[in-house]
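Have a look at the structure below, then the notes.
Taken together, the values in this text are just the output of simple stated rules run on the coordinates, not laboratory data. Note that this is a predicted model, so its numbers are computed, not measured. When we count neighbours, we look across all protein chains shown, and the Cβ atoms used for this are built from the backbone with ideal geometry, even at glycine.
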Amino acid sequence: GVVVDSNTVTGFRHLNSSESKGYGIVVEGTNHTVKRNTVGNNDFGIQEQGGLHPNAGYVADNAGDADQSDTKSLNYFGRGNSPVACGNTFTNNTFNANLVTNMNTVVGSNSFALVVNKRNRETFCSIQAAVDDSNTMDGDTIVVSAGTYIENITVSKSLALKGPNAEINPNTGTRVSEAIIRPATKQTSLEGSTSGTIIRVGGIGHIDVSIKGFKLDGNNPVLSGGRMLNGVNVHTGAGIVNSIGSFDTNPGGANATMVIQNNIIQNVERYGVLADGTSPAVAIAGTNVSYNKFDNIPSGDNFGGGRGRAAAFEENHYGTFAYNVVTRANVGWQDDNYYLSSPGAGTIVEHNDIRTYRRGIFHNLQYQNATAARIAHNTITKETSGDFAAHTDNFGVELASIQSTVSVAADSNDVNGMKYGILLWNLPSTGTVKVTGGTLTGNQYGIFATSNDPQFAAGSASNSTISRVNVVNSITAGITIDNASNFAATSLVLTDSTIISGGPKGLVLTGANTTIAGGTLNNTTFTGQTGNYVELINSTGDMDGGNAVFGTKKALAMTQVERVALEAKLLHKPDNSSLGKICLPSMATFAIKSGSPSTYCNGGSTILVATIISATGPSTLIYTDGTTQTTVNNYISGADITVSPTTTKKYSIVSISDANGCSTTTGFTDTLTVTVNPIPTKPTITPMAIAICQGSSTTLTASACPGGTLSWTGGLTGTSIIVSTTSSYKVACTQLDCTSDSSDVATVTVNPIPVKPTITPASVSICVGSSTTLTASACGGGTLNWTGGLTGTSITVNPAETKGYKVTCTQLDCTSDSSDVVTITVNPIPVKPVITTTFANICAGGSVTLTVLSCGGGTVKWTGGLSGTSITVSPEITKSYKAACTQLNCTSDSSDVQVVTVKPTPTAPDITADNSTICNGQSVILTGSCATGTFAWVVTGTAGVISDGPANNRIITAPGTYTATCTENGCVSTTGSITITSGSCRFLTISPSNPGVCPGKSITLTTSGCNGGNITWAGGATGAGTSITVSPNVTTTYLAMCSSGGSANVTVNVAENNVAVSNNVSTGVALVKAAQTITSNKKVGNPAFTPMPNVTYQAGKSIVLDPGFVVETGTVFKAEIQGCN
């Protein structure tokens, strides 16, 4: 190696950065040292590279050079001269302002793989060198690039080894180039070795090791010999182990937790992964072997040699084996010899896809304090490829030697094509050993519970539970409980709808002491078997099959014919008296025979009948009357049973025993009551004699007839009857079909009802506080009774509110119907009305409306004889008004007084002028005043107002009539006026008076007032005539002169593009026009001037009103955006 020490390297930058780069220090090869250098202002500070150029499109300009002119060399110096760059050390270098990066490592196309410590960036030529390096610390990550590594590795520190596929599942993902590790030495059983492995994990004390993303291949083509397995020379015993020495020495492992994920492990003799326990024993938890692919580990059985296992957890080493794919292995996964509790979670084996020659999952030897395991959602299939066939005693899952109080749950595992789908052996645990869910298809035995393991022979007594398992098309039997060798009692619990479908046999119990625990098949389903549903072979265990489903129907629901057909598919005691029996509960109905009485008088009898459904008969029937049990031997279903109780009895079935000796004591719900009744006592009637009125009735009541029926003369029944005719009556008592003698006779007499009286009222309507008289028609010899308790032919009443009155006539204790109701209506006094008005003060000559709203449906009368809800009045002087409301002839009190006040109208104003005539160009001042009140001009749009002056003054510039009013207390006077004439002057005017046009547009000017003369135009226009049309380009003043005297001028304003308003407008009419924009911060209107102005702004694009712009109250202001026209 070369040492580059204490140099300053600066300024190496390529002139064309898009073509190539400049490098301060370039390192190729192995074991160089670069230290204490100052490297700055380069494109790349230090470049470590190996192999040919990594860019596939690289073409050297000169194959023999190493300059920077070669194209496509943006991150590589030259074409590369050494195939390897590793083992180099970079320490204590100072970097400053390198453009791209300070340190860069590049692997060329033919480079040896680089091994890098991620923390300190040290590179190594081998994985073992990286692990052993003194700078490699616990917790470091060793990153291994793609390539082939020939080495046997020992990991003695807590490290993470990460290959290029560390995050890529080999079973589901697309892998990049692999980091392949092959053994450097040959160590197989042919060499007498039981310790050969590619990676061995173990150090001093506990370590945590992670191995991810590698391909571990036990075949090394450069090694000779090896053990041939499935056409491949295998040169080592294992992929990854924590064994200290031989992996056959158990426990013999280092104290290590391993995470092994996303690896391919293939072509090894004994173990893909071995997680062994320690000696002395310490429980270990947390090992995780998941998302790996295991292939070609077939050693054992037909392949010879020790058994090959994809993965094994041994001796209290707990962990997870999940989401792996195993092919061509003798054993998919197994564990054994656990007796210490886990310091963390129990073992979990789940979601694995396993193809095996012998064992799929083997869970074995769990006892003392071992923590329960869970084996779930695995798919196990017999391996059919390879040099040799699978072993004849292969199985999917075996639960074996689960002892003490240890539990295990095997959930939702699918097994296909094996000899034993689920194998259960030597399970004496008092914990729960349960197989739940999953589908077992095409196995010779779906579930095989035995005392004689195919490999280990005799075991202890076993008991386990099967729940919701789906067993399909088993070749020999769906579920077998086997003790043919008579080693130990073997039992299963069947529960929660396990289904056995297809195959020749459903459930087989072979040998003594084979039983269904609890003695019941529960709701197990047997369907599609070509042979027997259930067979007992030398088994004496009895079981209840009542709730099981055979074919499509539960046994309890079968008819007699179906029961007989079912018996033909059961092999048990009826076929061989030495066997146990499968009891199908007898079902029966118990009834009183049709036509026989259930109730009779003392001395009678009746017949009972039991209808029994049973696979065999006749039966032994035991029934009870509630006190005494009676046994009927050889009872044939439906036969008569005659009973003659002398007192009431209740009969029910106690038990039925069929010909097999199966006794049923439950499910008999029928209870039959046979009643014996006495002759009832002769009844009596109360009253014995009574008189009633015609149309009414009376009640005759018999003495008690408890629980019986009383039958009266005329066919009536009941304890009491209601009668309404003159007659004689008798009654008899019948109790429980036994009838007494008739009673003595009772007599009823009926009297007539008096005629209904009538009422004549003196008045049917009164006001509150008044009275009236009511008179009834005759009631000869009787009594007249009125509403309210009054009596007599006539009564005087004064009700406070509307009330109805009736009267009845009573003769011989019989009372007539009440007379028709006579209603005396009491009308209320209306509420005193309230007068409302919008205003109570009016001006002389005005009017006001007075309204009453609270006399609904009535009549309102007003002061002065007026009527109606509202009245309109125009009093000449102040006047008071009242109103009253009349409803239903009742009149209210008068309302409170409403006063209408009449205010005087002020006199018209006086208007004077400083001149009675006016000529063109002159002005006249008008002055107005009021004797009382406020003066105001009446503005009619008369031309000539030039504003200026107080509110009661006007300056005018044109002749006309000008008017005003006076206002006092809201009353307005008649108008006053003054007329100003032109006198002897010709008063010439031009319209429009304030014209404006757009540039290039024309306008017509028209004169008036030139009577008897001709118009001549001057100034901005020439010509003659009353009207002219002009088109000024700038604002221009035009003069019109009348030949008979008088002249006038007008200025035509031509709109500019932008206009800034410069003056306030106090009065008059004004138009401001602009082609583009108007801006203004001036006032429009002045309260001191009349009339208020009418001003329009017209602009083509915008009108801007800046601060200072004000529009006074009463002013008309318009802002219009429109094109100039």
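Send over the per residue convex hull volume for the stretch 685-751, Cα only, as a whole number of Å³.
66
Please list 3J(HN,Hα) in residue order for the stretch 901-910, calculated via the Karplus relation 6.51 cos²θ - 1.76 cosθ + 1.60 where θ = phi - 60°; whole Hz, with x for glycine and proline.
Karplus-based 3J(HN,Hα) across the stretch 901-910 equals 8, 9, 9, x, 8, x, 6, 4, x, 9 Hz.
With unit charges on the beta carbon (Lys/Arg positive, Asp/Glu negative), name the residue among Thr8, Gly846, Ile479 whose Cα is farthest towards the positive pole of the charge dipole of the chain.
Value: Gly846.
Please compute the Cα-Cα pair-distance distribution of the stretch 223-332 with 10 Å bins starting at 0, giving whole percents from short to long.
Histogramming the stretch 223-332 at 10 Å steps yields 16, 46, 31, 6, 0 percent.
Rounded, prolate or oblate for the stretch 699-801? Axes are the square roots of the Cα gyration tensor eigenvalues, ordered a ≥ b ≥ c, and the cut-off for rounded is a/c under 1.5.
prolate
Out of every Cα pair in the stretch 835-903, what percent are spaced more than 16 Å from each other?
44
Among the DSSP beta bridges whose two residues both lie in the chain, what percent are antiparallel, rounded to the nearest 5?
Taking every DSSP beta bridge within the chain, about 40 percent pair in antiparallel fashion.
Taking the mean number of other Cβ atoms within 10 Å as a proxy for protection, how do you rank 849-858, 1063-1072 from highest to lowest?
1063-1072, 849-858
State to the nearest 20 debye the size of the charge dipole of the stretch 415-583 about its Cα centre, where the only charges are +1 on K and R beta carbons and -1 on D and E beta carbons.
Computed charge dipole of the stretch 415-583: roughly 240 debye.
When a/c reaches 1.5 or more, the comparison of a/b and b/c decides; with that in mind, is the stretch 129-391 rounded, prolate or oblate per its Cα gyration tensor?
rounded
Structure shown: which of Lys832/Lys882; Lys1001/Lys1082; Lys756/Lys803; Lys505/Lys569 lie over 18 Å apart, alpha-carbon to alpha-carbon?
Listed pairs above 18 Å: Lys1001/Lys1082; Lys756/Lys803.
What are the semi-axes of the equivalent ellipsoid for the stretch 759-827, taken as the square roots of 5 times the Cα gyration tensor eigenvalues, largest first, in whole Å?
Ellipsoid semi-axes (Å, largest first): 24, 10, 9.
Quick check on the stretch 415-583: of the DSSP beta bridges with both residues there, what percent are antiparallel, nearest 5%?
10
Along the charge dipole of the chain, which of Val469, Ala778, Asn233 sits closest to the positive end, that is, farthest toward it, with unit charges on the beta carbon of Lys, Arg, Asp and Glu (+1, +1, -1, -1)?
So the residue we want is Ala778.
Return a whole-number percent for the relative contact order of the chain, with Cα pairs under 8 Å and 6 or more residues apart as the contact set.
Computed over the chain, the figure is 3 percent.
So how many Å³ per residue does the convex hull of the Cα atoms of the stretch 587-677 work out to?
81
Provide the gained length on full extension for the span Thr405 to Ala1060, in nm with one decimal, where the gain is 0.36 nm per separating residue minus the Cα-Cα distance.
Net length gain for the segment: 225.2 nm.
Where a ≥ b ≥ c are the square roots of the eigenvalues of the C-alpha gyration tensor, would you call the chain rounded, which needs a/c under 1.5, or, failing that, prolate if a/b is larger than b/c, or oblate?
oblate
Per 0.36 nm of contour for each residue apart, how much would the distance between Val831 and Asp5 grow if the chain were fully extended, relative to their Cα-Cα spacing?
So the extension gain works out to 285.1 nm.
Would you mind checking which residues have amide H under 5 Å from Ala372's amide H? H placed 1.01 Å from N; only 5 or more apart, or other chain.
Result for Ala372 returns Ser407.
For Thr476, put the label point 7 Å out on the Cα→Cβ axis and report which residues of the stretch 379-410 keep their amide N under 20 Å from it.
Once the point is set 7 Å along Cα→Cβ of Thr476, 381-383, 389-401 turn out to lie under 20 Å by backbone N, inside the stretch 379-410.
Test of understanding: ordering Glu535, Glu1112 by Cβ neighbours within 10 Å, fewest first, what list do you get?
Least crowded to most crowded, the residues run Glu1112, Glu535.
For a quick protection proxy, order the peptides 400-410, 908-918, 472-482, 564-574 by their average other-Cβ count within 10 Å, most packed first.
The densest-packed peptide leads the list: 472-482, 400-410, 564-574, 908-918.
Enumerate the amide H contacts of Val34 below 5 Å, restricted to partners 5 or more residues apart or on another chain; note that Pro and chain-start residues carry no placed amide H.
Long-range HN contacts for Val34: Val4, Thr89, Phe90, Thr91.
May I ask you to derive the relative contact order of the stretch 148-187, considering only C-alpha pairs under 8 Å and at least 6 residues apart, and to give it as an integer percent?
Relative CO of the stretch 148-187 lands at 60 percent.
Hey, fewest Cβ within 10 Å first, where do Val899, Val433 land in order?
Least crowded to most crowded, the residues run Val899, Val433.
State the three equivalent ellipsoid semi-axes of the stretch 288-416, derived from the C-alpha gyration tensor as the square roots of 5 times its eigenvalues, in descending order and whole Å.
Calculated on Cα positions only, the semi-axes equal 24, 15, 13 Å.
If each of Lys553 and Thr530 carries a label point 7 Å out from its Cα toward its Cβ, how far apart are those two points in nm?
2.6
What is the extension gain from Val897 to Asn633, computed as 0.36 nm multiplied by their sequence separation minus the C-alpha to C-alpha distance, in nm to one decimal?
Here the segment from Val897 to Asn633 would lengthen by 83.5 nm.
Using Cα pairs closer than 8 Å and at least 6 residues apart in sequence, work out the relative contact order for the stretch 150-240, in percent.
It rounds to 38 percent for the stretch 150-240.
With n ≥ 4 as the cut-off for DSSP H runs, can you work out [θ] at 222 nm for the chain, using -39500 (n - 2.57) per run divided by the number of residues, rounded to the nearest 500?
The helix-only estimate for the chain comes to -500 deg cm²/dmol at 222 nm.
In whole angstrom, how long is each semi-axis of the equivalent ellipsoid of the stretch 514-603, when you take the square root of 5 times every eigenvalue of its Cα gyration tensor and sort them from largest down?
Ellipsoid semi-axes (Å, largest first): 34, 16, 12.
Which Cα, out of Ser1031, Ala129, Met258, lies furthest along the positive dipole direction of the chain (beta carbon charges, K/R +1, D/E -1)?
Value computed over the given set: Ser1031.
Whole Å is fine, so just give me how far the alpha carbon centre of the stretch 592-666 lies from that of the stretch 760-793.
Comparing the Cα centres of the stretch 592-666 and the stretch 760-793, I get a distance of 80 Å.
Just order 987-995, 521-529 by mean Cβ neighbour count inside 10 Å, highest at the front, would you?
521-529, 987-995
If each of Asn92 and Thr974 carries a label point 7 Å out from its Cα toward its Cβ, how far apart are those two points in nm?
For the pair Asn92/Thr974, the computed spacing is 12.7 nm.
In debye to the nearest 20, how big a dipole does the chain give about its Cα centre with +1 on each Lys and Arg Cβ and -1 on each Asp and Glu Cβ?
Taking the Cα centre of the chain as origin, the dipole is about 2400 debye.
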